[in-house]
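First up is the structure itself, then whatever we jot down about it.
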Amino acid sequence: MRPLVATIDLSAIRHNYALAKRCAPGRQAFAVVKANAYGHGVREVVDALRDEADGFAVACLEEAAEVRSVHADARILLLEGCFEPAEYLLAAQLRLDVAVQGEEQACALLAANLPAPLNVWLKLDSGMHRLGFAPAALRAWHGRLRGAAQVAELNLMSHFACADLRGDAQNEDQLESFLGLLDLDFDQRSLANSAAILTIPAAHMDWLRPGIMLYGATPFADLSAAELGLRPAMSLQAQLIAVHEVAAGESVGYGASWVAGRPSRIGTVSCGYADGYPRHASAGTPVLVNGQRVALAGRVSMDMLTVDLTELPAAKVGDPVELWGENLPIDEVAAHAGTIGYELLTKVTARVPRCYRG
Ligand SMILES: *Cc1c(COP(=O)(O)O)cnc(C)c1O
């Protein structure tokens, strides 16, 4: 078997969910499990949080159906609502909560003939300008949906554009926009993603929406997961499959872009960009070999990457390699690749077997 596995520690996910809840005592939380639970496996994650989670949130009906198939009673929120009118019937059959983020969705909801009313989350565009109603339109739709036959709970939600930037003025503006609608009678309110859960208590409202923090990565550029008390859930583990001595002046890998400045020992690792390791990770990106940090050397290839083992003369074929995880924060790797932990986690590809513990 190819020595590459993503080990998922489900107890870390339970720990991180509990941490989110401790940030906001008395509030409830939708565990965000869209995009295959940020690459961790939606079935396993939902099952691991079965007794703890107050609900789950997903991006589309297909994802919701998968959550429903593992958890018959869970509250499940469709974060972007229905993409076509026919989906409302399926949403009602699956007993989903739906976001309503625009006029087309609201009209389709009012035209739907449903076997049971839905919990509706009216989405306010509080400043991100991606989804949602402007405040005045939201007031009007509140009036039209309150008491409609298709609507059970009528709730309010919005989303921050800059919650990961602590102290950013836009957070204050968006919070104020949200608070400005609370004279309307909503059953439930929800505003906070991970970053806001961790740093904007005034945004906690009734329902939290933790995503990235559940998986033990940080939403912040300047605050590490460890500093936040988060435990990484995924460790991407490979092995050295070859070791080569390379003379000074010789190059390594595609494009011959990395040239040995000294006689070097180069290790080849069983992980590449077709597994989800970022091709744009720069030379010098940290990789753990036998628990010791070494530097990525040369371009990442499809199935392999190469590291500089010169400082680890004892390293040999078969030795364990961690690309990120328990002992190497994914956020550090992401920074070297010009991206964020979210992208690396969601891009671990299907050919990487997931192995669960905890
Ligand atoms: C994905 C998503 C979240 C979770 O965000 P994190 O930054 O991962 O915590 C919350 N709310 C909405 C609307 C989302 O789309």
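Could you work out the helix-only [θ] at 222 nm for the chain, with each DSSP H run of four or more residues adding -39,500 (n - 2.57) and the total divided by the number of residues, to the nearest 500 deg cm²/dmol? Don't skip to the answer; put the middle values down first.
Values: 11 runs with 93 residues, N = 358.
So the helix-based figure for the chain works out to -7000 deg cm²/dmol.
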Query raised in the report: Given Cα pairs under 8 Å that are at least 6 residues apart, what percent is the relative contact order of the chain?
Result: 18 percent
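Going by C-beta contacts inside 10 Å, put Cys82, Cys23, Cys355 in order with the fewest on the left.
On the way: Cys82 25, Cys23 21, Cys355 11.
Lowest to highest Cβ neighbour count: Cys355, Cys23, Cys82.
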**Report entry** Spin-label proximity, Arg43 to the range 319-358 - amide N less than 14 Å from point 7 Å beyond Cα toward beta carbon
**Finding:** 354-356
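Taking 8 Å as the Cα distance limit and 6 or more residues as the minimum spacing, I'd like the relative contact order of the range 52-99 as a percentage. Before the final figure, lay out the partial values.
Numbers: 69 pairs, mean separation 18.3, N = 48.
Value for the range 52-99: 38 percent.
Using the Kirkwood formula on the Cα atoms of the range 10-215, what hydrodynamic radius do you get, in angstrom to one decimal? Each step should come with its number before you reach the end.
Values: mean 1/r = 0.0588 Å⁻¹.
Here the Kirkwood hydrodynamic radius works out to 17.0 Å.
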Query raised in the report: Taking neighbour Cβ counts within 10 Å as the exposure measure, how do Ile241, Ile197 sort from fewest upward?
Result: Ile241, Ile197
Query raised in the report: What Kirkwood hydrodynamic radius do you get for the chain when you take the inverse of the mean 1/r over all pairs of distinct Cα atoms, in Å?
Result: 21.9 Å
Query raised in the report: Quick one: Cα convex hull volume of the range 234-357, Å³ per residue?
Result: 95 Å³
Query raised in the report: Say the dipole of the chain comes from +1 at the beta carbon of Lys and Arg and -1 at that of Asp and Glu; which of Ala314, Ala337, Gly261 then lies farthest toward its positive end?
Result: Ala314
Query raised in the report: What does the charge count near Val42 come to, summing +1 for each Lys or Arg and -1 for each Asp or Glu among other residues with Cβ under 10 Å from its Cβ?
Result: -2
Query raised in the report: What base-10 log of the normalised intensity I(q)/I(0) is obtained for the range 172-306 from the Debye formula, alpha carbons as equal point scatterers, at q = 0.10, 0.11, 0.16 Å⁻¹?
Result: -0.54, -0.60, -0.88
Report summary line: Of every Cα-Cα pair in the range 35-89, the percentage lying beyond 16 Å is 37 percent
Query raised in the report: With no solvent and one point per C-alpha, what does the Debye sum give as log10 I(q)/I(0) for the range 317-358 at q = 0.27, 0.29 Å⁻¹?
Result: -1.09, -1.12
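To the nearest 0.05, how large is the calculated FRET efficiency for Glu52 and Asp183 if R₀ is 25 Å and r is the Cβ-Cβ distance? Working shown, then result.
Details: r = 34 Å, r/R0 = 1.35.
The pair Glu52/Asp183 has a calculated efficiency of 0.15.
Taking a quarter of the surface of the convex hull around the Cα atoms of the range 165-207, what do you get in nm²?
Values: hull surface 11.7 nm².
Averaged projected hull area, Cα only: 2.9 nm².
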Query raised in the report: P(r) of the range 140-236 in 5 Å steps, Cα pairs, percent per bin?
Result: 2, 12, 21, 18, 15, 12, 8, 6, 4, 1, 0
Requested in this report: Could you work out the Kirkwood radius for the range 20-61, taking every pair of different alpha carbons, averaging 1/r and inverting it, reported in Å?
Outcome: 10.8 Å
Report summary line: If unit charges are put on Cβ atoms (+1 for Lys and Arg, -1 for Asp and Glu) and the dipole of the chain is taken about its Cα centre, the option from Leu182, Leu78, His15 lying farthest towards the positive end turns out to be His15
Query raised in the report: With N residues in the range 236-308, what two-decimal value do you get for its Cα radius of gyration over 2.2 N^0.38 Å?
Result: 1.00
Requested in this report: Between the alpha-carbon centers of the range 29-63 and the range 79-145, tell me the distance in whole angstrom.
Outcome: 21 Å
Query raised in the report: If you line up the long axis of helix 135-145 against the longest principal axis of the chain, both from Cα atoms, how many degrees apart are they, to the nearest 10?
Result: 60 degrees
Requested in this report: Could you give the size of the charge dipole of the range 1-160 about its Cα centre, using +1 on the Cβ of each K and R and -1 on the Cβ of each D and E, expressed in debye and rounded to the nearest 20?
Outcome: 420 debye
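Computed from the coordinates by the stated procedures, all read-outs in this text should not be read as laboratory data. What you see is a predicted model, and the numbers here were worked out from it, not measured in a lab. All Cβ positions, even for glycine, are placed from backbone atoms using ideal geometry, and neighbour counts span all protein chains on display.
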